[in-house]
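Participant: Quick one: the structure is below, and I'll ask about it shortly.
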Amino acid sequence: MTPEERPERENLADTGLSETPAERVSYLRAGHTLKSWLLTTDHKRIAILYLISITFFFFVGGVAAGLVRLDLLTPAGDLLSNEGYNRAFTLHGVIMVWFFLIPSIPNTFGNFLVPLMIGARDLAFPRLNLLSWYIFMLAGLFTLAVLILGGVDTGWTFYTPLSSMFAHGQVVLAATAVFIAGFSSILTGLNVIVTVHKLRCPGMTWGRLPLFVWSIYATSLILVLATPVLSITLALIAAERLFGLGVFDPALGGDPLLYQHLFWFYSHPAVYIMVLPALGVVSELVAAAARKPIFGYAFVAGSSMAIAILGFFVWGHHMFVSGQSMYASAVFSFLSIAVAIPSGIKVYNWTATLYKGHISLDPPFLFAMAFIGLFVVGGLTGLILAMLAVDVHVHDTYFVVAHFHYIMVGGAVSAFFGALHFWWPKMFGRNYSLVWGRLSALLIFLGFNLTFFPQFLLGYLGMPRRYHVYPPEFQVLHVLSSAGAGILGLAYLMPFAYLLYALRYGPPAGDNPWGVTGLEWQTRSPPPKHNFETVPVVDGPPYDYHVEMEGHGDG
Amino acid sequence: MAERVHEPYSAPDQQREAEMMGMYIFLASETMLFSGLFLVALYLRLEHAPDVVAASRQMHYVIGAANTALLLTSSLLVALSVEAARQGRARPAVLATAILLGLGFLALKAVEYRMEYAEGILPLPGAAREFPSPARHAFMNLYLIATTLHAVHLSIGIGLLATLAVRLLRGTLPLPERSIVMMNAGLYWHLVDVIWIFLYPVFYLAR
Amino acid sequence: MSDFIALWPGAASAYSREVDLLIGAFTVLIVALSAPVFILIVVFATKYRRGKPANRRHALDRNVWMEVSWTLAPFLLLIGFYVWSTHLFAGLYHPPAEALEIDVVAKQWMWKFRHPEGQGEINELHVPAGEPVRLVMASQDVVHSLFVPALRLKQDVVPGRYTSMWFTADTTGTYRLACAEFCGADHSVMGGSVVVMEPADYARWLEETGTDRSLAAEGAVLFRQRGCSGCHEQASTVHAPDLAGLYMRPVPLEGGGTVIADAQYLRDSILLPQAQIAAGYPPIMPTFANVLDEEEVLKLVAYIKSLKGGKERQ
């Protein structure tokens, strides 16, 4: 097959089949009962369980966002009451962070792909994997309880003494929900680390791991080491509210800043939990689209580890105006600039990968390009925030809101959709409409920018965060932003239509519809329950596009 | 008896190594959990040193020392039974003694809590409290939280050891093939012990 | 400035303008670092489109020198801006000694300002142009943050301590102020304005605004009413530290060490007296934490600051 050709797609007229031969023997059909799904230990089925759950939470968080953006159409707080608005944005933050973003790529694509990519038959602890999902669902139930009982009104950051002593909402219940979700994170991270260490197939050395595996591994280190600090911090808030056992209360000689240090010690690495897997996905998508090895594999793999480690030392950049010492702020500012460098390496390396490649503009690559564009804007505005004198002005304004949405939504969610569009044929054995895929990538990119770019301007103008009342001269920017949110919401709904349609009516995908490297593409689509007929043996580097390296197809 | 290898493993030693690594990683996360509490303790010590010293002087360090001795001894016994398991010998009596020492720790802790309650320094909700200064109140708050969390972990450890002791008695744990299970439980127990080794001086010996 | 759409926040001080310069220059840098990436991606995706003939010989898949240079060069440029930004920031921590001190108490959900001669304002702050002003801030309840976009400044107001913020406004006008740290139900409406006036107008405003007593005088009244004088007066039989001339003097502590008696120390001595015992004195001072609010403590601090030498008494 020449690099220009796409592998033969099975007879396109062969739609409407209710079951392909591959599907019949795949993990999807290994057991038909509900019990076989709810008591499964197959990492692929657990990935699907997570996929369904996080999609549900994405909707709930999205509805909260919709309420927020609707209220912000007008300068007066006329849609929601002051308290109601506070609960809406808190719910949005809590759900999107802990019930969508943190589990999104690691627990769906990480679960599904890591064993396949390293040639293993499952994760190291399959039953623990299932337990992780049940713990996650329990946490979700607690969150729904919070929602039903009126919500929580502290912001997702639970700052004391507001949360410990003054807030009226369901603080303890919300803290408990997040505490429980934390266990799910820790167990997932533990599972992945042991898997990558112990279950690589023969010949799969560390230097041959796909970059996605490196990124999930680095993420797992953070999951295991940072999440417990959040757990204990939430426990301390609950202890203060329930039993009056305060340590953050200034009247007891405590310090509200102590809470902030503890909270951000977890929550800054947490944002790397949210973005490192996305960076790994993009590496895969770029290599696949260009049919070329990723430029500077060692640097890209190393950059994931560098981000994970450095990310533990920058938490104070959330506290530049908190009353923290000037010298501490100077150190954190410097380290925050340092942590941006490995991300920059990835972006430059992806660009260099495209040079002299054989690039196809399929939906996964369009999502990868969207990621690069939006992540770069988000990352560079992060550098702006790392500059002390500038941060004093834009801290706690919409500038910050725009920055993190560019990374979390423009970046991580785009990468999630890119992964969905790339591995959907592998997971379900069916191809989907590429035209619709490209269209949703474009709409998501446009809708996203319309929603969030005006927010940078609003922030510099002085619009604080967590406000639903604002001066009238800010309204035009808010209307643009809310309009964009509407488009973005519709754009996010589109893939549901054509991807789900493809499940039944899409043409059968075959083992390797994109014609790319990677052990996951060496087995059937969808894979059999045990992943491989025989355990693979690896004898070459990843992204082994030899033919292309010879310069075939040049003019 | 040949050791059963669960999917996805292909060899017994691979499975064993994975199980041990998993336990070590879990213990690392437990360490990070308690590190938050130690950080708060450090903060109190740095910001309110005289209060911390005064509050620590009121702690029953003899009871604390006895508890330390109980835990250390129990760790020794657990280590002995793990070593025996690795050589294929089940010693449920040794394990049971370790469990008894652990229960003894909890009993002494309850006695200590009752004494502190009577003295008015245990900050239970609704208790009569007399704290000369707010920072001493904060110190006792942290003490109660930290020791309760430790006691919870100790109880989990007791449960683990008890389950294993029953399996040893019934002969349903193949030794030495599945001695890794004993080893992992032993590692957990040792961590709970080590955490106490740090808790004790932080609260009782800051005098 | 249009009422229909705001395009720029307005600058009320030289510091604001320098921050604008900094972010403007920095934006140029980051565009320079990133535009090549966007352009190249589009160019490569077009030029090297699958199926399109192009020269693909000797495609690289690694080059350590290239990697190192595009790592180091941006980093060094960024460090240049780091130095500029940190220098500006450090200036915020060195207020001029002669700055006009205004006390601020933040509480859910309002801002209370007290000028030194006692004039009080709620949610509105009048300041003279061209003179440095230093705000000493305390919170009655939760963490708030005083944000004045036109000054490009904000500072969290944290319960349990004093935080401060200083500026020299040079352009008269009325500027928004807002609370920038989520503080509960009415956070969105905890705003107000800063009115910068010509010094002569400010002086006139001070006179016109009624005041019974200066802050220090009100503190003197509290000092007597709440019983402080019972122990701290010279005539008292209780062995308590003499407060005359105490402000900013070094105080040796019981158990070693010395601390400077700044505003934070005075506040903590009133509310958390057991935290730092002065050497040679018994630890018998009761706490006034449940008796005094932050405003009253600020008045007492103002009073103690006014006690000079050892002889002057009000």
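Participant: Among the residues in the stretch A:367-378, are any over 21 Å from the mean Cα position of the chain (by Cα) and surrounded by fewer than 24 Cβ atoms within 10 Å (Cβ to Cβ)? Walk me through how you get there before you give the answer.
Facilitator: Just the residues of the stretch A:367-378 that are over 21 Å from the mean Cα position of the chain (by Cα), to begin with: none.
No, the stretch A:367-378 contains no residue that is over 21 Å from the mean Cα position of the chain (by Cα) and surrounded by fewer than 24 Cβ atoms within 10 Å (Cβ to Cβ).
Participant: Pick out the one residue from A:V172, A:V97, A:V178, A:V114 that is under 21 Å from the mean Cα position of the chain (by Cα), assigned to a helix (DSSP H, G or I), within 14 Å of chain B (Cβ to nearest Cβ) and among the aliphatic types (A, V, I, L, M).
Facilitator: Exactly one residue qualifies, and that residue is A:V114.
Participant: While we're on this one: Residues in the stretch C:124-166 that are farther than 16 Å from A:F320 by Cβ, out of contact with any helix residue (DSSP H, G or I) (no Cβ under 8 Å at 6 or more places or on another chain), in contact (Cβ under 8 Å) with a residue 40 or more places away in the chain and within 14 Å of chain A (Cβ to nearest Cβ): how many?
Facilitator: Of the residues in that region, 3 qualify.
Participant: Would you mention how many residues in the stretch A:307-322 are hydrophobic (A, V, I, L, M, F, W, C), surrounded by 22 or more Cβ atoms within 10 Å (Cβ to Cβ) and in a helix (DSSP H, G or I)?
Facilitator: Of the stretch A:307-322, the ones hydrophobic (A, V, I, L, M, F, W, C) are A:307-310, A:312-315, A:319-321.
Add one more test, that the residue is surrounded by 22 or more Cβ atoms within 10 Å (Cβ to Cβ), and what stays is A:307-308, A:314-315, A:320-321.
Of the ones still in play, those that are also in a helix (DSSP H, G or I) are A:307-308, A:315.
Here the count works out to 3.
Participant: For the stretch A:59-81, enumerate the residues that are part of a helix (DSSP H, G or I) and open to solvent by 40 Å² or more (accessible area, probe 1.4 Å). Give the derivation first.
Facilitator: Of the stretch A:59-81, the ones part of a helix (DSSP H, G or I) are A:59-71.
Across the stretch A:59-81, the qualifying residues are A:F59, A:V63, A:L67, A:L70.
Participant: Would you call C:S34 without any contact (Cβ under 8 Å) to a residue 24 or more places away in the chain, assigned to a helix (DSSP H, G or I) and either open to solvent by 40 Å² or more (accessible area, probe 1.4 Å) or more than 7 Å from chain A (Cβ to nearest Cβ) (or both)? Even if it seems obvious, please write down each step before you answer.
Facilitator: On the way: without any contact (Cβ under 8 Å) to a residue 24 or more places away in the chain: yes; assigned to a helix (DSSP H, G or I): yes; either open to solvent by 40 Å² or more (accessible area, probe 1.4 Å) or more than 7 Å from chain A (Cβ to nearest Cβ) (or both): no.
It is false that C:S34 is without any contact (Cβ under 8 Å) to a residue 24 or more places away in the chain, assigned to a helix (DSSP H, G or I) and either open to solvent by 40 Å² or more (accessible area, probe 1.4 Å) or more than 7 Å from chain A (Cβ to nearest Cβ) (or both).
Participant: Inspect the stretch C:56-66 for any residue being farther than 30 Å from A:A340 by Cα and at pLDDT 90 or above and give the result as yes or no. Talk me through it step by step, then tell me what you get.
Facilitator: Applying the first criterion (farther than 30 Å from A:A340 by Cα) to the stretch C:56-66 yields C:56-58.
This time we only want the ones that are at pLDDT 90 or above, so: none.
No, the stretch C:56-66 has no match at all.
Participant: Within the bounds of the stretch A:489-497, is there any residue that is open to solvent by 10 Å² or more (accessible area, probe 1.4 Å) and more than 21 Å from A:Y406 (Cα to Cα)?
Facilitator: Let us first name the residues in the stretch A:489-497 that are open to solvent by 10 Å² or more (accessible area, probe 1.4 Å), namely A:489-490, A:492-494, A:496-497.
In the following step, the residues that additionally are more than 21 Å from A:Y406 (Cα to Cα) were identified as A:496-497.
Yes - at least one qualifying residue is present in the stretch A:489-497.
Participant: Please find, within the stretch B:41-61, the residue that is farthest from the other protein chains (Cβ to nearest Cβ) out of those that are farther than 17 Å from C:A279 by Cα, in a helix (DSSP H, G or I) and open to solvent by less than 20 Å² (accessible area, probe 1.4 Å).
Facilitator: Filtering the stretch B:41-61 for residues that are farther than 17 Å from C:A279 by Cα, in a helix (DSSP H, G or I) and open to solvent by less than 20 Å² (accessible area, probe 1.4 Å), the one farthest from the other protein chains (Cβ to nearest Cβ) comes out as B:S56.
Participant: Oh, and also: Being hydrophobic (A, V, I, L, M, F, W, C), within 22 Å of C:A106 (Cα to Cα) and at the interface with another protein chain (Cβ under 9 Å from one of its Cβ atoms): is that true of C:A169 here? Full working, then the answer.
Facilitator: On the way: hydrophobic (A, V, I, L, M, F, W, C): yes; within 22 Å of C:A106 (Cα to Cα): yes; at the interface with another protein chain (Cβ under 9 Å from one of its Cβ atoms): no.
Considered against the rule, which asks whether it is hydrophobic (A, V, I, L, M, F, W, C), within 22 Å of C:A106 (Cα to Cα) and at the interface with another protein chain (Cβ under 9 Å from one of its Cβ atoms), C:A169 comes out as no.
Participant: Test B:I195 against the stated conditions and say whether it is under 30 Å from B:A49 (Cα atoms), within 14 Å of another protein chain (Cβ to nearest Cβ), surrounded by 20 or more Cβ atoms within 10 Å (Cβ to Cβ) and of a type in the set (A, V, I, L, M, F, W, C).
Facilitator: Values: under 30 Å from B:A49 (Cα atoms): yes; within 14 Å of another protein chain (Cβ to nearest Cβ): yes; surrounded by 20 or more Cβ atoms within 10 Å (Cβ to Cβ): yes; of a type in the set (A, V, I, L, M, F, W, C): yes.
The answer is yes for B:I195.
Participant: C:W8 - would you say it is in a helix (DSSP H, G or I) and either more than 7 Å from chain A (Cβ to nearest Cβ) or loosely packed, with under 14 Cβ neighbours inside 10 Å (or both)?
Facilitator: Details: in a helix (DSSP H, G or I): no; either more than 7 Å from chain A (Cβ to nearest Cβ) or loosely packed, with under 14 Cβ neighbours inside 10 Å (or both): yes.
Criteria not met by C:W8.
Participant: From the list C:V259, C:V196, C:V238, which one is more than 30 Å from A:W156 (Cα to Cα) and in contact with a Ser or Thr (Cβ under 6 Å, 6 or more places away or on another chain)?
Facilitator: Details: C:V259 fails: in contact with a Ser or Thr (Cβ under 6 Å, 6 or more places away or on another chain); C:V238 fails: in contact with a Ser or Thr (Cβ under 6 Å, 6 or more places away or on another chain).
Going through C:V259, C:V196, C:V238 in turn, just one is more than 30 Å from A:W156 (Cα to Cα) and in contact with a Ser or Thr (Cβ under 6 Å, 6 or more places away or on another chain): C:V196.
Participant: Which of the numbered conditions does A:D539 fail, given that it passes all the others? Conditions: (1) open to solvent by 10 Å² or more (accessible area, probe 1.4 Å); (2) away from chain C (no Cβ under 14 Å); (3) of a type outside the set (S, T, Y); (4) part of a helix (DSSP H, G or I).
Facilitator: Condition (4) is where A:D539 drops out.
Participant: Does B:P92 satisfy the criteria of being modelled with pLDDT under 95, more than 17 Å from B:R207 (Cβ to Cβ) and open to solvent by 20 Å² or more (accessible area, probe 1.4 Å)? Steps first, answer last, please.
Facilitator: Details: modelled with pLDDT under 95: yes; more than 17 Å from B:R207 (Cβ to Cβ): yes; open to solvent by 20 Å² or more (accessible area, probe 1.4 Å): yes.
Spelling it out, B:P92 is indeed modelled with pLDDT under 95, more than 17 Å from B:R207 (Cβ to Cβ) and open to solvent by 20 Å² or more (accessible area, probe 1.4 Å).
Participant: If you don't mind, another one. Out of all the residues in the stretch A:464-481, is one or more away from chain C (no Cβ under 14 Å), surrounded by 18 or more Cβ atoms within 10 Å (Cβ to Cβ) and over 24 Å from C:Y175 (Cα atoms)?
Facilitator: Restricting attention to the stretch A:464-481, the residues satisfying the condition of being away from chain C (no Cβ under 14 Å) are none.
No - not one qualifying residue is present in the stretch A:464-481.
Participant: Do we have any residue at all in the stretch B:1-17 that's more than 14 Å from chain A (Cβ to nearest Cβ) and hydrophobic (A, V, I, L, M, F, W, C)?
Facilitator: So in the stretch B:1-17, the residues more than 14 Å from chain A (Cβ to nearest Cβ) come out as B:1-4.
Right, trim to hydrophobic (A, V, I, L, M, F, W, C) and you get B:1-2.
Yes.
Participant: Further question on the same structure: Within the bounds of the stretch C:48-57, is there any residue that is open to solvent by less than 50 Å² (accessible area, probe 1.4 Å), out of contact with any strand residue (DSSP E or B) (no Cβ under 6 Å at 6 or more places or on another chain), under 30 Å from A:A288 (Cβ atoms) and assigned to a helix (DSSP H, G or I)?
Facilitator: No - not one qualifying residue is present in the stretch C:48-57.
Participant: Can you pull out every residue in the stretch C:76-105 that is open to solvent by 10 Å² or more (accessible area, probe 1.4 Å), without any contact (Cβ under 8 Å) to a residue 12 or more places away in the chain and either assigned to a helix (DSSP H, G or I) or within 8 Å of chain A (Cβ to nearest Cβ) (or both)? Before the answer, list the steps.
Facilitator: Our first condition is that a residue be open to solvent by 10 Å² or more (accessible area, probe 1.4 Å); within the stretch C:76-105, this holds for C:76-77, C:79-84, C:86-88, C:90-101, C:103.
With without any contact (Cβ under 8 Å) to a residue 12 or more places away in the chain added as a condition, the list becomes C:76, C:79-80, C:82-83, C:86-87, C:90, C:93-94, C:97.
Once the filter is applied, which keeps residues that are open to solvent by 10 Å² or more (accessible area, probe 1.4 Å), without any contact (Cβ under 8 Å) to a residue 12 or more places away in the chain and either assigned to a helix (DSSP H, G or I) or within 8 Å of chain A (Cβ to nearest Cβ) (or both), the stretch C:76-105 yields C:L76, C:I79, C:G80, C:Y82, C:V83, C:T86, C:H87, C:A90, C:Y93.
Participant: Of the conditions (1) open to solvent by 70 Å² or more (accessible area, probe 1.4 Å); (2) under 22 Å from C:S145 (Cα atoms); (3) more than 17 Å from the chain's Cα centre (by Cα), C:Q108 fails just one. Which one is it?
Facilitator: (1)
A quick yes/no check of all residues on (1) in contact with a Gly (Cβ under 7 Å, 6 or more places away or on another chain); (2) within 11 Å of chain B (Cβ to nearest Cβ); (3) surrounded by fewer than 24 Cβ atoms within 10 Å (Cβ to Cβ); (4) touching a residue at least 40 places away in the same chain (Cβ under 8 Å):
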| site | (1), (2), (3), (4) |
| --- | --- |
| A:V192 | yes, yes, no, yes |
| A:W206 | no, no, yes, no |
| A:S220 | yes, yes, no, yes |
| A:A226 | no, yes, no, yes |
| A:A239 | no, yes, yes, no |
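Participant: Can you tell me which residue within the stretch C:250-303, out of those that are more than 25 Å from C:W111 (Cα to Cα) and among the β-branched types (V, I, T), is least open to solvent (accessible area, probe 1.4 Å)?
Facilitator: C:V251
Participant: While we're on this one: Among the listed residues B:I197, B:I121, which satisfies the condition of being in a helix (DSSP H, G or I) and β-branched (V, I, T)? Break it down into steps so the answer makes sense when it comes.
Facilitator: Working: B:I121 fails: in a helix (DSSP H, G or I).
Step by step, each of B:I197, B:I121 is checked, and only B:I197 is in a helix (DSSP H, G or I) and β-branched (V, I, T).
Participant: Among C:T27, C:T71, which is at the interface with chain A (Cβ under 8 Å from one of its Cβ atoms), free of Cβ contacts under 8 Å to residues at least 12 places away in the same chain and closer than 23 Å to C:K154 by Cβ?
Facilitator: Exactly one residue qualifies, and that residue is C:T27.
Participant: Among the residues of the stretch A:241-284, write down those that are open to solvent by less than 10 Å² (accessible area, probe 1.4 Å), more than 14 Å from chain C (Cβ to nearest Cβ), closer than 26 Å to B:A49 by Cβ and not aliphatic (A, V, I, L, M).
Facilitator: The answer is none; no residue qualifies.
Participant: Quick one: in the stretch B:118-172, which of the residues that are farther than 17 Å from B:A85 by Cβ and among the charged types (D, E, K, R) is most open to solvent (accessible area, probe 1.4 Å)?
Facilitator: Residues of the stretch B:118-172 farther than 17 Å from B:A85 by Cβ: B:118-156, B:158-159.
Narrowing the set further to residues that are among the charged types (D, E, K, R) leaves B:119, B:129-130, B:136.
Numbers: B:E119: 76, B:R129: 95, B:E130: 127, B:R136: 39 Å².
Among them, the one singled out is B:E130.
Participant: For the stretch C:174-274, list the strands (runs of 3 or more DSSP E) that sit wholly inside it and hold at least 3 residues that are in contact (Cβ under 8 Å) with a residue 60 or more places away in the chain, under 30 Å from A:P464 (Cα atoms) and in the same structural domain as C:E124 (by TED's automatic domain parsing); which are they? I'd like the intermediate steps shown before the answer.
Facilitator: Numbers: elements: C:191-197, C:250-252, C:258-260.
Counting at least 3 such residues, we get C:191-197.
The values are calculated or read from the model by the stated rules, or taken from the named source; none is laboratory data. Note that the coordinates shown come from a computational prediction; the quantities given were computed from them, not determined experimentally. Counting neighbours? That spans all protein chains shown, and the Cβs are built from the backbone with ideal geometry, glycine included. Ligands, DNA and RNA are excluded from the accessible area calculation, which covers all protein heavy atoms including side chains. Shrake-Rupley method; radii C 1.70, N 1.55, O 1.52, S 1.80 Å.
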